[in-house]
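Colleague: Provided herewith is a single structure, encoded as structure tokens, for subsequent inquiry.
Each reported figure results from applying straightforward, stated rules to the coordinates on display, with no laboratory input. Just so we're clear, the structure is a prediction, and the values are computed from it rather than from any experiment. With ideal geometry, Cβ positions are generated from the backbone for all residues, glycine too; neighbour counts draw on all protein chains shown.
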């Protein structure tokens with residue numbers, strides 16, 4: 001674990017997609033970003049991950065209050081909302097709670113919104129789990145798009161970065177290689193696909209902090 005005084009600090013906030021349900025710790029996308037940047041010579045601490053499978057926006061907020069966070073972080077990522085959609089929660093409530101989380105993320109980034117990277121909600125409706133459970137995949141996609149429109153709107157309003165991986169998740173579909181053993185969550189291979197989009201942005205944001 002990197003611990004040099006001048007190392008970049010990365011805080012990742014979210015749910016199962018950030019904690020990497022069903023994959024090894026080193027295959028989580030935040031960890032893969034850190035490993036890639038270290039290979040490029042950038043000093044980066046191991047990511048501090050505040051995420052639990054199943055968390056909704058209010059549960060993430062409560063989880064953040066329960067741990068010791070020490071800003072400023074050089075990069076803060078936020079990926080939350082799929083469980084709000086899964087539980088059928090009101091989109092208006094999501095907007096309010098998401099905006100509050102985003103405000104908190106900006107604070108944790110030292111009041112620098114440009115150091116916040118919001119990752120869109122992937123579409124679980126394309127997975128083998130959804131197919132086997134005979135879920136309405138068209139309705140799920142439509143609802144995910146609504147939630148993501150809210151997230152993107154609030155992200156841009158705050159001056160943070162929006163990283164859209166939803167299309168990538170849809171392209172991966174229910175391919176066994178792209179899913180964990182539960183047929184629902186992404187595999188390490190799918191996270192590697194996501195990082196084709198997330199890594200360049202993370203690299204830019206962290207390198208600009210080092211001049």
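Colleague: Can you tell me the length gained on complete extension of the stretch residue 36 to residue 177, counting 0.36 nm per residue apart and subtracting the Cα distance? Write out the running numbers ahead of the final one.
Modeller: Working: separation 141, 0.36 × 141 = 50.76 nm, distance 2.18 nm.
Fully extending the segment from residue 36 to residue 177 adds 48.6 nm.
Colleague: Let me ask another. How do the peptides 122-129, 8-15 rank, highest first, by the average count of neighbouring beta carbon atoms within 10 Å per residue?
Modeller: Details: 122-129: 21.9, 8-15: 24.4.
Highest-to-lowest ranking by the protection proxy: 8-15, 122-129.
Colleague: Of the beta bridges DSSP finds with both residues in region 10-206, what % are antiparallel, to the nearest 5?
Modeller: Values: 1 of 16 bridges.
Counting only bridges with both partners in region 10-206, antiparallel ones make up about 5 percent.
Colleague: Could you work out the relative contact order of the chain, using alpha carbon pairs under 8 angstrom and six or more residues apart, expressed as a whole percent? Numbers along the way, then the final one.
Modeller: Numbers: 368 pairs, mean separation 49.0, N = 211.
Once divided by the residue count of the chain, the mean separation gives 23 percent.
Colleague: P(r) for the chain, please, calculated from all Cα pair distances in 5 Å bins and given in %.
Modeller: 1, 8, 16, 21, 21, 16, 10, 5, 2, 0, 0
Colleague: Compute the angle between helix 188-209 and the longest alpha-carbon principal axis of the chain, please, reported from 0 to 90 degrees and rounded to the nearest 10.
Modeller: Approximately 30 degrees, to the nearest ten.
Colleague: Could I ask something else about it? Pulled fully out, how much extra length does the chain show between residue 53 and residue 25, if you take 0.36 nm times their separation in residues and subtract their Cα-Cα distance? Don't skip to the end; give the middle numbers.
Modeller: Values: separation 28, 0.36 × 28 = 10.08 nm, distance 1.38 nm.
So the chain would gain 8.7 nm between residue 53 and residue 25.
Colleague: Multiply the residue gap between residue 91 and residue 149 by 0.36 nm, knock off their C-alpha separation, and tell me the result in nm, one decimal place.
Modeller: Working: separation 58, 0.36 × 58 = 20.88 nm, distance 1.04 nm.
The residue 91-residue 149 span can extend by a further 19.8 nm.
Colleague: Obtain the nm distance between the two label points defined at residue 138 and residue 107 by a simple spin-label model: each point lies 7 Å from its Cα along the Cα-to-C-beta direction.
Modeller: Those two pseudo-labels are separated by 4.4 nm.
Colleague: With viscosity set to 0.890 mPa s and temperature to 25 °C, compute the Stokes-Einstein D of region 97-147, Rh being the Kirkwood radius across alpha carbon pairs; µm²/s, no decimals.
Modeller: On the way: Rh = 13.0 Å.
Here the translational diffusion coefficient equals 189 µm²/s.
Colleague: Mind pulling the angle between the C-alpha long axis of helix 29-39 and the longest principal axis of the chain? Nearest 10 degrees, somewhere in 0 to 90.
Modeller: For 29-39 against the chain, the angle is about 40 degrees.
Colleague: Estimate the FRET efficiency between residue 209 and residue 62 by the formula 1/(1 + (r/R0)^6), using the beta-carbon distance for r and 35 Å for R0, to the nearest 0.05. List each step's numbers first, then the result.
Modeller: Values: r = 29 Å, r/R0 = 0.84.
E between residue 209 and residue 62, to the nearest 0.05, is 0.75.
Colleague: Return, for the Cα atoms of region 110-211, the radius of gyration and Dmax in Å, separated by a comma.
Modeller: Calculated on Cα positions, Rg and Dmax stand at 15.4, 51 Å.
Colleague: For n ≥ 4 DSSP H runs only, could you compute -39500 (n - 2.57) per run for the chain, divide by its residues and tell me the 222 nm figure to the nearest 500?
Modeller: Values: 9 runs with 103 residues, N = 211.
Roughly -15000 deg cm²/dmol at 222 nm, from the helical runs in the chain.
Colleague: Using only Cα atoms, find the angle between the long axis of helix 137-158 and the longest principal axis of the chain, and express it within 0 to 90 degrees, rounded to the nearest 10.
Modeller: Helix 137-158 sits roughly 30 degrees off the main axis of the chain.
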